[in-house]
Amino acid sequence: MFHITDLSPTDHALVEQTAEVLMAAFRGLTDTWATIDLAREEVAESFDADRISRVALDDAGRVVGWIGGISEYGGNAWELHPLAVHPDAQGRGVGRALVDDLEAQVLQRGGATIYLFTDDETCRTSLGGVDLYPDPWQHINRISNHDNHPYGFYLRCGFVITGVIPDASGPGKPDILMARRVMRAG
């Protein structure tokens with residue numbers, strides 16, 4: 001089992017564990033958090049004003065997952081950044097619970113939408129490794145998941161694909177934009 005709580009910048013042990021979870025969750029997928037120093041910087045940034053930083057702790061009080069939110073558009077939309085679940089805890093509902101918790105946090109702050117970017121740097125979808133121009137939507141409409149890319153998880157969490165940035169991480173390495181409404185329209 002696990003529970004979700006705020007990550008405090010003064011809880012140095014949990015901050016360090018969170019950085020380690022971030023590194024472990026993205027190992028081999030991106031160089032963005034390939035070192036503990038880079039991961040620590042990301043965690044430190046999550047304590048900035050207008051941010052949400054929440055962790056999932058197991059029964060022993062160890063970090064098994066982390067989610068962050070960044071207020072944008074005057075607080076109407078929040079970017080989910082990042083979501084990391086330790087590989088040993090994946091598939092046990094931690095990620096889904098963190099996403100649902102972020103939704104509750106965003107609702108408390110009056111937000112209407114959560115959005116995210118999910119890179120395809122390693123050709124794990126049909127959008128990776130191809131030229132998406134001149135018609136990205138032609139490719140988006142036929143997207144398929146080749147290797148358990150996270151966009152499938154986000155679809156199951158109620159997000160929809162709202163766009164793509166072709167070549168965002170280099171030629172043939174797009175960033176998939178997804179969003180989820182957290183407040184009723186109107």
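Being surrounded by fewer than 18 Cβ atoms within 10 Å (Cβ to Cβ), in a loop (DSSP other than H, G, I, E, B) and not assigned by TED's automatic domain parsing to the domain that holds Gly95: is that true of Gly163 here? Against the criterion (surrounded by fewer than 18 Cβ atoms within 10 Å (Cβ to Cβ), in a loop (DSSP other than H, G, I, E, B) and not assigned by TED's automatic domain parsing to the domain that holds Gly95), Gly163 does not qualify.
Of all the residues in segment 82-104, those that are over 15 Å from the mean Cα position of the chain (by Cα) and either aliphatic (A, V, I, L, M) or closer than 23 Å to Glu45 by Cβ (or both) number 2.
Among the residues making up segment 80-114, those that are surrounded by fewer than 21 Cβ atoms within 10 Å (Cβ to Cβ), of a type outside the set (S, T, N, Q) and more than 30 Å from Asp59 (Cα to Cα) are Gly110, Ala112. Scanning segment 42-79 for residues being among the aliphatic types (A, V, I, L, M), crowded, with 21+ Cβ neighbours inside 10 Å and in a loop (DSSP other than H, G, I, E, B) gives a total of 0.
Of Ala39, Ala34, which residue is surrounded by 14 or more Cβ atoms within 10 Å (Cβ to Cβ), over 16 Å from the mean Cα position of the chain (by Cα), free of Cβ contacts under 8 Å to residues at least 24 places away in the same chain and not assigned by TED's automatic domain parsing to the domain that holds Glu121?
Ala34
Candidates are the residues of segment 115-134 that are aromatic (Phe, Trp, Tyr) and over 25 Å from Arg27 (Cβ atoms); the one that is surrounded by the fewest Cβ atoms within 10 Å (Cβ to Cβ) is Tyr133.
The values are calculated or read from the model by the stated rules, or taken from the named source; none is laboratory data. Everything numeric here is computed off the predicted structure, so don't read it as measured data. All Cβ positions, even for glycine, are placed from backbone atoms using ideal geometry, and neighbour counts span all protein chains on display.
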